[in-house]
Amino acid sequence: MTHAPRRIDHLVVAVHDLDAAGLFYEKLGFQVGTRNRHPWGTENRLIQFGNSFIELITVGPNADAIPDHAPGRFSFGAFVRDYLSQREGLAMLVLNSEDAKADAARFAHLGIGAFEPFYFERKGQRPDGSEMHVAFTLAFAAHEKAPRAGFFVCQQHFPENFWNAAFQRHANGASGIIEVGMAASDPQMYREFLSGFSGGSAEAGTDGLSFKLHDGSLRVTPDSAGNAELQLCSFAVRVPDLGTEARRLLAADVSFTANDRGLSIGPETAFGLSIRFEDAERRQ
């Protein structure tokens, strides 16, 4: 059962040192926002594109404020805390939602998410330093064989306050997230779950499964280590000039490899996940 494919809303990248991660992404040519604090114990910094963003996140000093998971309730803070107790990396995949309450009901009907929708709001800052108000409702999905991969959809209630062209000007010219990579020993095990979550039909290839989204895709490849659990492991962004980006990475002493798919930075360098830069023209 599918509906219209969603788009990538954002990625949750869990790190131990938020400022060190921010500095790393700045070396890659991204504009990284200031620190935001959540009342449930986490803190983040955002990298925003036209309709998607990367959320660098960590557990703040008020970790005692993190609520535990409960029947029917997914604790965002607890998931990040528990993830960081084991590793850094791409912890959660977030797609867009026009109606998170309806999506929560849909996920329950599909058997992929018996969780109450989660509403929250916070204050933020515009580029000129003035205060703004943003609010979101989240609907979570889960697979029992993917306990360390988080999935939810996000409904923006004040998108005019959140999305801002001034935050989207990156030195590397990056314009959006175009692919999220996952790995599992048997990608077919997650076919129905990911189709229901994303709204995209699975396409089988020689290297696993892919799910076409609106202006992007999800890809699940066989895990070379044979891990059965589904892991979120990489993302790709489009940039206008790979040569310029390669020179930037060399100047910043950031290790990378180049092949016909673009420039790739490995998890040993990029806080537990792989990052790939692709040519914007090649994707069109």
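The relative contact order of the chain comes to 20 percent, based on Cα pairs under 8 Å that sit 6 or more residues apart. Computed on the Cα atoms alone, the convex hull of the range 7-138 gives a volume of 125 cubic angstrom per residue. Over 21 Å, how big is the tail of the calculated P(r) for the range 1-77, in percent of all Cα pairs? The answer is 39 percent, as a whole percent.
Against the empirical 2.2 N^0.38 Å (N residues), the range 85-241 has a Cα radius of gyration ratio of 1.14. The range 94-161 and the range 179-222 have Cα centres separated by 21 Å. Ordering Glu55, Glu26 by accessible surface, largest first, gives Glu26, Glu55; the 1.4 Å probe counts only protein heavy atoms, with every chain in place.
Normalised by the number of residues in the range 150-259, the average gap of Cα pairs under 8 Å and 6 or more apart makes the relative contact order 32 percent. Counting only protein heavy atoms and using a 1.4 Å probe, the accessible area of Lys123 comes to about 120 Å². The calculated pair-distance distribution of the chain uses every alpha carbon pair, bins of 5 angstrom beginning at 0, and gives 1, 5, 12, 17, 20, 19, 14, 8, 3, 1, 0 percent.
Computed with a 1.4 Å probe over protein heavy atoms only, the accessible area of Ser217 comes to about 20 Å².
Using the Cβ-Cβ distance between Thr34 and Ala63 with R0 = 25 Å, the FRET efficiency computed as 1/(1 + (r/R0)^6) comes to roughly 0.75.
Per-residue SASA remark: Ser234, around 20 Å² accessible (1.4 Å probe; ligands, DNA and RNA not included). Taking all protein chains together, Trp163, Trp40 sort by accessible area into Trp163, Trp40, largest first [probe 1.4 Å]. Across the range 32-89, Cα pairs under 8 Å and at least six residues apart give a relative contact order of 26 percent. Placing +1 on the Cβ of every Lys and Arg and -1 on the Cβ of every Asp and Glu, with nothing else charged, gives the range 39-111 a dipole about its Cα centre of roughly 80 debye.
Surface listing: Glu192, Glu116, Glu43 arranged by accessible area from highest to lowest gives Glu192, Glu116, Glu43, probe 1.4 Å.
The values are calculated or read from the model by the stated rules, or taken from the named source; none is laboratory data. Note that the coordinates shown come from a computational prediction; the quantities given were computed from them, not determined experimentally. Every residue, glycine as well, gets a Cβ built from its backbone with ideal geometry; the counts of neighbours run over all protein chains shown. These area figures cover heavy atoms from the full protein model, side chains too; ligands, DNA and RNA do not enter into them. Shrake-Rupley method; radii C 1.70, N 1.55, O 1.52, S 1.80 Å.
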